[in-house]
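Contents: one structure, followed by commentary.
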Amino acid sequence: WVSKSTNSGVSFQPEFYVSTPDSNQKQPLRIVATSTGFYILFVDQTNYNMYVHHGSSSSILNNASMVNSTAGKAGAGGGLAAGSDGTTVYVVYTDNTSDYEGDIRFCKSADSGATWSGCLLVNDSTYRTQTSPVLVRDANGTLHAAWTDLRSNSKYQTYYSYSTNGGRSKQRARCRSH
């Protein structure tokens with residue numbers, strides 16, 4: 001469910017749903033507001049798929065699109081960012097397609113989340129667990145991703161990578177904590 005405040009949280013308008021209520025367990029992960037509305041990233045914990053919903057303050061459409069290219073292979077956590085045009089959307093998520101412990105996958109949509117392409121692997125080591133990614137887009141358009149990584153095999157560390165060209169390529173992953 002979504003509700004909007006136009007007075008800095010003093011009150012909220014009546015809520016509405018972003019997907020048809022059913023028996024599946026849906027967990028919202030991130031919400032991003034743009035000039036054209038908002039985007040919500042959520043995971044369906046019943047079928048292990050990652051979805052993005054694009055809406056407006058009055059939208060009651062069930063228009064969520066699945067981000068992960070292999071059904072049933074989205075893992076824990078995800079990040080969401082939007083371009084300055086309001087229609088380009090970026091997602092990072094834990095992908096369990098080729099590694100049951102998870103890799104970090106980046107995908108881009110140029111049509112408000114209706115379709116997804118340009119997906120690429122963010123982490124440069126697929127050894128052990130990579131999970132719980134987050135994503136932000138800064139004022140210069142650079143995309144920054146961070147995630148939890150167990151490649152050291154002894155303790156979880158935070159790794160970071162970025163892209164200065166809208167996700168077409170990325171910089172080598174770097175450890176940012178010890």
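The values are calculated or read from the model by the stated rules, or taken from the named source; none is laboratory data. From a predicted model like this one, the values you see are computed outputs, not experimental measurements. As a convention, Cβ positions derive from the backbone with ideal geometry for all residues, glycine included, and neighbour counts pool all protein chains shown. Only protein heavy atoms, including side chains, enter the accessible area calculation; ligands, DNA and RNA are left aside. Shrake-Rupley method; radii C 1.70, N 1.55, O 1.52, S 1.80 Å.
Per residue, the stretch 1-153 exposes an accessible area of 48 Å² to a 1.4 Å probe, with every protein chain left in place.
For Arg105, Arg137, give the ranking by accessible area with the largest first, probe 1.4 Å.
Numbers: Arg105 55, Arg137 75 Å².
Descending accessible area places them as Arg137, Arg105.
In this structure, Thr36 and Asn165 have a Cβ-Cβ separation that, at R0 = 22 Å, corresponds to a calculated FRET efficiency of about 0.45. Near Tyr17: Cβ cut-off under 15 Å, other residues only, Lys/Arg at +1 and Asp/Glu at -1. The net charge is -1.
Residues whose amide H lies under 5 Å from that of Ile104, counting only those 5 or more places away or on a different chain, are Asp95, Val122, Asn123; hydrogens are built 1.01 Å from N in the peptide plane. Which of the residue pairs Lys108/Lys155; Lys4/Lys170; Lys26/Lys73; Lys73/Lys108; Lys4/Lys26 have a Cα-Cα distance greater than 27 Å in the structure shown? Violating the 27 Å limit, Cα to Cα: Lys108/Lys155; Lys4/Lys170.
Please report, to one decimal in angstroms, the Kirkwood hydrodynamic radius of the chain built from all distinct Cα-Cα pairs. List each step's numbers first, then the result.
Numbers: mean 1/r = 0.0599 Å⁻¹.
That comes to 16.7 Å for the chain.
Of the solvent-accessible surface of the chain, computed with a 1.4 Å probe over protein heavy atoms with every protein chain present, carbon and sulfur atoms account for 50 percent. Take Tyr51: with every protein chain present and a 1.4 Å probe, its accessible area is about 40 Å². For Lys26, the solvent-accessible surface computed with a 1.4 Å probe is close to 70 Å², ligands and nucleic acids excluded.
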